[in-house]
Amino acid sequence: MVLLMADTRFDDWVAERYELLWPELFDPLVLNPAVNFLADLAGTSPVLEFGVGTGRLAVPLAERGLQVAGIELSPAMAARIGERAAGRDIEVVIGDFATARLDGEFGLVVLARNTITNLTTQPEQVAAFGNAAAHLGAGGHFVVENYVPQLRRLPPGETTTVFTATPDHLGYEVYDVGAQIAVSHHYWTIDGQLRSFASPHRYVWPSELDLMAELAGLTMRNRYADWNTTPFTGESRSHISVWQK
């Protein structure tokens, strides 16, 4: 099986403005429950974050005294981690989290903020689960945060859904149901200028992720609608899934 290297569109311009472009991710009402959830699950075990980005989750976890490492495809994003004191102790490997490896065992592997969909083929996503399992010690947990595909919101014959619309940011997805690909489009008004960003994603259902986990030797433990452990239902638009090795 040949796996293609994942592409990154997170260049210097995006990395420098990441918090400005997606401020909702840094809202304490969003960020703090995620950090609390992960810290409680990790206990005293080392933590590995796939797609660690600028350290949005990793740095606060390190600030709590946890040993944290990360895998990140974008050097520009990873360079931001060391800007905070705790981030300087975080080991980051530049590479694709479907294949890149770190030494040692971890009690928790995290893949947050829909990042599993950045892998745009099923074999790559399956490989990411296998890679997570390979990094986990016995009893360790793999946590994935992902959205539930919003195909139910598509009227017959339509392919586009809007997921955010503010005075400064328009975001919408165009679905190719046959290919199981959704292309996300963003338009921002920043400093009086219009900037755009687009990226393809392989959307994936919770049940398909469960099968990937089973193939990797992981067992489902919990699924919630959010980091506050709200019960997951058929109406939930996102999920936090926890599997155990």
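For the stretch 75-103, how many residues meet the condition of being of a type in the set (G, A, S), part of a helix (DSSP H, G or I) and free of Cβ contacts under 8 Å to residues at least 40 places away in the same chain?
Counting residues in the stretch 75-103 that are of a type in the set (G, A, S), part of a helix (DSSP H, G or I) and free of Cβ contacts under 8 Å to residues at least 40 places away in the same chain gives 5.
Identify, please: which residue in the stretch 215-245 is among the hydrophobic types (A, V, I, L, M, F, W, C) and assigned to a loop (DSSP other than H, G, I, E, B) and is, among those, most open to solvent (accessible area, probe 1.4 Å)?
The qualifying residue most open to solvent (accessible area, probe 1.4 Å) is F232.
Go through the stretch 11-44 residue by residue and tally those that are part of a loop (DSSP other than H, G, I, E, B) and aromatic (F, W, Y).
1
Does G178 meet the test of being without any contact (Cβ under 8 Å) to a residue 40 or more places away in the chain, more than 26 Å from L20 (Cα to Cα) and open to solvent by 60 Å² or more (accessible area, probe 1.4 Å)?
So G178 fits the description; yes.
Starting from the stretch 32-47, keep only residues that are at pLDDT below 95, then list their pairs with residues that are open to solvent by less than 40 Å² (accessible area, probe 1.4 Å) whose Cβ atoms are within a distance under 7 Å, requiring at least 6 positions of separation or different chains.
none
For the stretch 183-193, give me each residue that is among the hydrophobic types (A, V, I, L, M, F, W, C) and modelled with pLDDT under 95.
W188, I190
From the residues in the stretch 39-98 that are under 20 Å from L21 (Cβ atoms) and among the hydroxyl-bearing types (S, T, Y), which one is most open to solvent (accessible area, probe 1.4 Å)?
For the stretch 39-98, the residue satisfying everything is T54.
Looking for whichever is buried (at least 21 other Cβ atoms within 10 Å of the Cβ), at pLDDT 95 or above and not aromatic (F, W, Y) here; the options are L108, L102. Which one fits?
L108
Does the stretch 177-200 include one or more residues that are part of a strand (DSSP E or B) and within 26 Å of A39 (Cβ to Cβ)?
no
Per-residue answers, yes or no, for (1) under 24 Å from the mean Cα position of the chain (by Cα); (2) in contact (Cβ under 8 Å) with a residue 60 or more places away in the chain; (3) surrounded by 16 or more Cβ atoms within 10 Å (Cβ to Cβ):
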site: N146; (1), (2), (3): yes, yes, yes
site: R153; (1), (2), (3): yes, no, no
site: G157; (1), (2), (3): no, no, no
site: D191; (1), (2), (3): no, no, no
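Could you please find all residues in the stretch 161-175 being open to solvent by 40 Å² or more (accessible area, probe 1.4 Å) and either hydroxyl-bearing (S, T, Y) or outside any strand (DSSP E or B) (or both)?
Within the stretch 161-175, T166, P167, D168, Y172 meet the criteria.
Let me confirm something: among A128, A138, A134, which residue is open to solvent by less than 40 Å² (accessible area, probe 1.4 Å) and of a type in the set (A, V, I, L, M)?
Going through A128, A138, A134 in turn, just one is open to solvent by less than 40 Å² (accessible area, probe 1.4 Å) and of a type in the set (A, V, I, L, M): A128.
The values are calculated or read from the model by the stated rules, or taken from the named source; none is laboratory data. Because the structure is predicted, anything quoted here is derived from the model rather than measured. Glycine also receives a Cβ, built like all others from the backbone with ideal geometry; neighbour counts cover every protein chain displayed. Just the protein is used for accessible areas: all its heavy atoms, side chains included, with ligands, DNA and RNA removed. Shrake-Rupley method; radii C 1.70, N 1.55, O 1.52, S 1.80 Å.
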